[in-house]
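> I have a structure I would like to understand better, so I am pasting it below and will then ask my questions one at a time.
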Ligand code: NIG
Ligand code: FE
């Protein structure tokens, strides 16, 4: 029984709280909200207080608002031309080495104004939000100098001010070598000595990320960069083991990274390090699928070692032009053997942990922000089952209904 009064009581649905990574089904549920925060969740029959306002959502299932913990939605132009080249047999690495790939997006992003970047990013943001996303991480990484990385991060911050979504910004300056540098070590020096201290001082980034790969930066270079970020009190993340096994994920876990992302080539040692240091594994099925990768991330090992597995869109113009996080849930199940329950945990509570937001986001529990979505479905597995379509019927952000 709950006999406290509340500002707003939401009812007329079944709910999954996702606490501890499990559904924890509550049939005929109700959620009490005060000041945008959940004050109680339980069975409607157990609510005996007074509510200033009540909303009957009229059926369906409520989940925590979806959290997309890895995206690159701020960019100058799309790369559908490279998609055509890949269909004709060119590989992602070949395209990157011949000046396309990330370098191509760097060019268009540097040329674009903030207003233009904003307009383009909004199209992706609105699609993700319409499909249930209430929190989104956005990386820089297509500017690769102070001026343009700052520009990208400002655009990301502004998106969060203009739309009902929480935006977490990540500085991904160590994404690729910019054309004006011909030596990766010198560029890393610039990032450590100049760029990161300014980004930290201006509070433009909530975290720092890099790309540890043969076509990007070595584990030694990335370690220096991440250590500098840690000294500036910025949380760490890393793109690692996407195309080859370099041990970047282990190194980042040992530095206390919040998450390591991609992980197709991660080894057992990498997984053990993630388990030991509480690092989240972020799985990105969109890039795996688009690049026709055949090496699967070590899902069974991650599961056996109790490493929390988050799932994200990796929405970007090159390797993962994804506009639906729910589609990633389906791919994680169909391609990697996730259960639908794991897939939902991957876009709620584990995604919150990957962003360091687990105290305020990711589950329907008292004390957390009242971000939730009501879906027009008869069982939670349908969230992973349907490919595309419009499933959500109500979207509540900080206790206020904000349908998209
Ligand atoms: O997460 N892996 C590196 N970075 C992005 C790809 C960016 C791009 O191709 O533009 C990724 O897949
Ligand atoms: Fe990425």
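The values are calculated or read from the model by the stated rules, or taken from the named source; none is laboratory data. All of these numbers come straight from a predicted model, not from anything done at the bench. Cβ coordinates were reconstructed from backbone atoms using ideal geometry, including for glycine residues, and neighbour counts include every protein chain displayed.
> Only one of these conditions is not met by residue 342: (1) more than 16 Å from ligand 2 (Cβ to nearest atom); (2) within 30 Å of residue 109 (Cα to Cα). Which number is it?
Checking residue 342 against (1) more than 16 Å from ligand 2 (Cβ to nearest atom); (2) within 30 Å of residue 109 (Cα to Cα), the one that fails is (2).
> Next question, about the same structure. With within 12 Å of ligand 1 (Cβ to nearest atom) and assigned by TED's automatic domain parsing to the domain that holds residue 78 as the only criterion, which of 255, 243, 327 stands out?
Values: 255 fails: within 12 Å of ligand 1 (Cβ to nearest atom); 327 fails: within 12 Å of ligand 1 (Cβ to nearest atom).
Every option except 243 fails the conditions.
> Please go through the range 260-279 and pick out each residue that is closer than 14 Å to residue 299 by Cβ and within 16 Å of ligand 1 (Cβ to nearest atom).
Correct list: 262, 263, 264, 265, 266.
> Can you work out which of the residues in the range 24-54 that are farther than 15 Å from residue 373 by Cβ and touching a helix residue (DSSP H, G or I) at 6+ places or on another chain (Cβ under 8 Å) is surrounded by the fewest Cβ atoms within 10 Å (Cβ to Cβ)?
By that ranking, first place goes to 28.
> List the number of the failed condition for residue 276; all other conditions in (1) more than 14 Å from ligand 2 (Cβ to nearest atom); (2) touching a strand residue (DSSP E or B) at 6+ places or on another chain (Cβ under 8 Å) hold.
Of the numbered conditions (1) more than 14 Å from ligand 2 (Cβ to nearest atom); (2) touching a strand residue (DSSP E or B) at 6+ places or on another chain (Cβ under 8 Å), the odd one out for residue 276 is (2).
> Somewhere in the range 346-353, is a residue in the same structural domain as residue 75 (by TED's automatic domain parsing), in contact with a helix residue (DSSP H, G or I) (Cβ under 6 Å, 6 or more places away or on another chain) and within 16 Å of ligand 1 (Cβ to nearest atom)?
Checked the range 346-353: no residue is in the same structural domain as residue 75 (by TED's automatic domain parsing), in contact with a helix residue (DSSP H, G or I) (Cβ under 6 Å, 6 or more places away or on another chain) and within 16 Å of ligand 1 (Cβ to nearest atom).
> Another one. Tell me, yes or no, whether the range 139-150 has at least one residue that is within 15 Å of ligand 1 (Cβ to nearest atom), on the phi > 0 side of the Ramachandran plot, touching a helix residue (DSSP H, G or I) at 6+ places or on another chain (Cβ under 6 Å) and not assigned by TED's automatic domain parsing to the domain that holds residue 395. Let's see the steps before the verdict.
The first filter runs over the range 139-150 and keeps only residues within 15 Å of ligand 1 (Cβ to nearest atom), leaving 139-144, 148-149.
Filter once more, keeping what is on the phi > 0 side of the Ramachandran plot: 141, 144.
Within this subset, residues satisfying the condition of being touching a helix residue (DSSP H, G or I) at 6+ places or on another chain (Cβ under 6 Å) are 144.
When the remaining residues are screened for being not assigned by TED's automatic domain parsing to the domain that holds residue 395, the result is 144.
Among the residues of the range 139-150, at least one is within 15 Å of ligand 1 (Cβ to nearest atom), on the phi > 0 side of the Ramachandran plot, touching a helix residue (DSSP H, G or I) at 6+ places or on another chain (Cβ under 6 Å) and not assigned by TED's automatic domain parsing to the domain that holds residue 395, which makes the answer yes.
> So, restricting to helices (runs of 4 or more DSSP H) that lie completely within the range 326-404, which ones have at least 3 residues that are surrounded by 18 or more Cβ atoms within 10 Å (Cβ to Cβ)? Walk me through how you get there before you give the answer.
Numbers: elements: 340-346, 349-354, 382-385.
Hits in the range 326-404: 340-346, 349-354.
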